[in-house]
Structures are given as C-alpha cells and as structure tokens.
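Chemist: Dropping a structure here in structure tokens format, bear with me for questions.
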Amino acid sequence: MAKQKAIAIEYGDWEESYAKLSSWLTHMQNHSPGSYFQILHDDFIVGNRVSREHRQFHRVFWTFGQCKEAFKYCKPIIQVDGTHLYGKYRGTLLMATSQDGNGGVLPLAFAVVEGETLTAWSWFLAHLREHVTDKNGICLISDRHASIKSAVANEALGWQPPHGYHVYCVRHIASNFNRKFNNAKQKEMFKKLAYTPCKHVFDQNLEKFRQLSPAIARWIDRISKEKWSMAYDTSGRRYGHMTTNLSECVNKVLKDCRSIPITALVKSTYSRCRKYFIDRGRQAQRQLREGQVYCSKLVTELRKNQEQACSHIVRVYDIHSTRFEVEETFNPITQRGGQKWNEFVEKSRTKAKRVRLIHVRNHGMSIFSV
C-alpha cells in the first residue's frame, strides 16, 4: 500500500490515470502521424444497474507511426510475448517486436489486456494485421501458449500461410521439457538439436533423442519439426531467430514501468521509443557521413566470412557452376585441415557437411524522427 501511494505521488492517481488515457493517446496520435490506438470499455455495474456516468477499462492497443514505417524496411519477422503487470490493478502487457538489418530491436505494438486469453490474443493479433502491417510471408515467433496457437489458427486473423508462418521459441519449449522430465542434461540436448542446421545430422540426432525414453518420444513427436528446428526452416523464414529474445529485450527495458499507472506506462513506451530512434538516427547519419554504404552488422559478417574463406580453396567443376571441389588448407600448428569435399549447390546437403547459406538483406539505414 505504501509503495502504491509513493507511485501515485510520482506518476499521478491510479484511477485518474485511466480517465486521462484516451486524451493523452489522442494527443499523441495528432502529433505522430500514422499512430493508432483503440480503448475498449465494459459497463460499470453499480448494484444491479449499469452506471451511465462511469465505464470500466477493459483493453487498450497502441502503435506508433514511426515503428510501422520502420518495419517496411525490416526482416519479415515478428515476435510476440506477454508479461504481467503488478501495480494496483493487474493485467498483462502484450508486445510485438521485430529487428532491422543491422540487428537493432524494433518495438512494433503494445496492448494492455485482462490476461493471455484467447479473446485477448485474437484481438491483439487482429490489430497487428489491420493497423501495423499487411505484409505477406511474415514469420511469427511465440511460445506455445494455447491461446496464441488458437488465435493464429483462425484464418480470419491473417496469420495462416501464405500471410504468416507461425513457429515456436526454442527456449520456451526447452523449459517446458525440463518441467516435465526434470533433466537439465537432456534439456541441453534438445536445444542443441534445435540449432542443428543440417537435416541429415538433425534426423540422426532426433532419433537418438527419441530413444531416450518412450515418454520423450511421444512428447517430441507431438510438436512439428517445422515449428522448432533450424534444419526444417527450409525457407529461412526465421532469419536465424530461434527464440523470442527481441520481445524479452523490450520487456526488460520496460520492467520498471510494469508497476506504474497505465497512462504513465503508455507515455514511457513513447518516450523510450523516441530516444531510441533519435540515438539510432544519429548513429546512422554519422555512418553515412563517413561514407559507409552497408549496415555495420553486414560489413562485420562479410569480413568474418572473408577471413574464414582464406583457409579454403574452391575449384569449379562444370560450366553451370553447380559442382565445386572445396579443399581446406592444412594447418601444421593445429594439425587440422587438409580435407576435400565435393559440393553440389542444388542439393540440400553434401556428403561431408551442409554448407549453411544465410540470406542477408541490406535494408540500409533508415532514419525516423519522433
């Protein structure tokens, strides 16, 4: 009680905060083109009658125009997650997050709802489709919460192929495994299996994992491989994202806001996004002035690949450039290397190992002001 009084002194009265929410969001929308919000209310019951003077807060969804515009230049992935609010009035904060080509986290949308229910997640995902992006082929990453799975399964919400492709966070699945079987070593085996890029190796190790026990085999067989394994992400829709780390990064940034009145919470998302965009914009402008053409992450990856490529010799064996011989230079110090492989580009795996091809989009360095 004393903590809530202290918070009220700092951020304003809890009840008045709900009353001010609509006017503040309207003001924000007027000064931030493209932004959107919706507040839902329930009837306020006094005795057995509906009050004509009062309404009860139910849900709010909000997104900033600058975030929506930035997503046009980002990877087609969205991570969604929910976290509890623990102020005077309980609820759940839902978040949608993406990432740009330079590895920068991009918050897309927020909502405060009554809990992680089917109706709440359906409402949130519908608003994402209608008011944030209509892009097809989006990879939606989440945990295996039953309400999210049911909401995504509703074709009317626009998250079924080819509009969206729903996959699961590996860390959440691993945690669920450990809760059920209470074996940390086997949990790590599962995580290593999930990150295996080669189908051939994955299939072999999956069978070994299934043979640990009939119960484990039944458990893993109930989850489609396409939902959790890197090896069966054949179209590369995940862009290497196997968890919901992006949403959890935003959750961590907002951790201190989860116990304050609702208008203060919404204001905080706005002010922190504004500061983040300004800092990133200045960084991008500096890089452009220095003549940098590609984003820093791509430059770093190219240099890393070039360094690794120095230890290999590649020979083309046909005019169509589909068959290659790759020879690894022998290192006399480490006594490693000296092997040769025949690589066939059209095949998904080679005799010795699979060459993992990572598709990289250079989305440039877009600058947005708030």
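Chemist: Do you know which residues across region 258-283 are surrounded by fewer than 20 Cβ atoms within 10 Å (Cβ to Cβ) and farther than 21 Å from SER32 by Cα?
Modeler: Listed by number, the residues that qualify are ARG258, SER259, GLN283.
Chemist: Find the residue count for region 189-218, including only residues that are in a loop (DSSP other than H, G, I, E, B), buried (at least 18 other Cβ atoms within 10 Å of the Cβ) and under 23 Å from the mean Cα position of the chain (by Cα). Full working, then the answer.
Modeler: Within region 189-218, the first condition is being in a loop (DSSP other than H, G, I, E, B), and the residues that meet it are 195-198, 211-213.
Of the ones still in play, those that are also buried (at least 18 other Cβ atoms within 10 Å of the Cβ) are 196-198.
Now restrict to residues that are under 23 Å from the mean Cα position of the chain (by Cα): 196-197.
Residues that pass the stated criteria total 2.
Chemist: Something else now. Within region 160-168, is even one residue in contact with an Asp or Glu (Cβ under 8 Å, 6 or more places away or on another chain) and not β-branched (Val, Ile, Thr)?
Modeler: Scanning region 160-168 turns up at least one residue that is in contact with an Asp or Glu (Cβ under 8 Å, 6 or more places away or on another chain) and not β-branched (Val, Ile, Thr).
Chemist: Can you run down the residue pairs with Cβ atoms below 9 Å, 6 or more apart or on separate chains, where the first is in region 185-205 and closer than 9 Å to SER229 by Cα and the partner is surrounded by 15 or more Cβ atoms within 10 Å (Cβ to Cβ) and modelled with pLDDT under 95?
Modeler: Short answer, once both residue conditions are applied: PRO197/ARG354.
Chemist: Okay, moving on. Being of a type in the set (Gly, Ala, Ser), at pLDDT 95 or above and under 17 Å from CYS273 (Cβ atoms) is the filter here, so list the residues in region 95-135 that pass it.
Modeler: ALA96, SER98, ALA109, ALA111
Chemist: Provide a single number: the residues in region 53-78 that are of a type in the set (A, V, I, L, M, F, W, C), open to solvent by less than 10 Å² (accessible area, probe 1.4 Å) and under 15 Å from VAL266 (Cβ atoms).
Modeler: Matching residues across region 53-78 total 5.
Chemist: If GLU10 passes every condition in (1) farther than 30 Å from ASP134 by Cβ; (2) surrounded by 14 or more Cβ atoms within 10 Å (Cβ to Cβ) but one, which one does it miss?
Modeler: (2)
Chemist: Looking only at residues in region 219-228 that are in a helix (DSSP H, G or I), more than 17 Å from ASN178 (Cβ to Cβ) and not acidic (Asp, Glu), which one is nearest to the chain's Cα centre (by Cα)?
Modeler: Out of the qualifying residues, it is LYS227.
Chemist: What are the residues in region 306-343 that are among the aromatic types (Phe, Trp, Tyr) and assigned to a loop (DSSP other than H, G, I, E, B), if any?
Modeler: Of everything in region 306-343, those that are among the aromatic types (Phe, Trp, Tyr) and assigned to a loop (DSSP other than H, G, I, E, B) turn out to be TYR317, PHE330.
Chemist: Pull up region 265-282, narrow it to residues that are over 21 Å from the mean Cα position of the chain (by Cα) and touching a residue at least 40 places away in the same chain (Cβ under 8 Å), then point me to the one that is nearest to HIS31 (Cα to Cα).
Modeler: Once the filter is applied, the top-ranked residue is LYS267.
The values are calculated or read from the model by the stated rules, or taken from the named source; none is laboratory data. These figures come from a predicted structure and were not determined experimentally. When we count neighbours, we look across all protein chains shown, and the Cβ atoms used for this are built from the backbone with ideal geometry, even at glycine. For the accessible areas, the whole protein counts, side chains as well, though only heavy atoms, and no ligand, DNA or RNA atoms are used. Shrake-Rupley method; radii C 1.70, N 1.55, O 1.52, S 1.80 Å.
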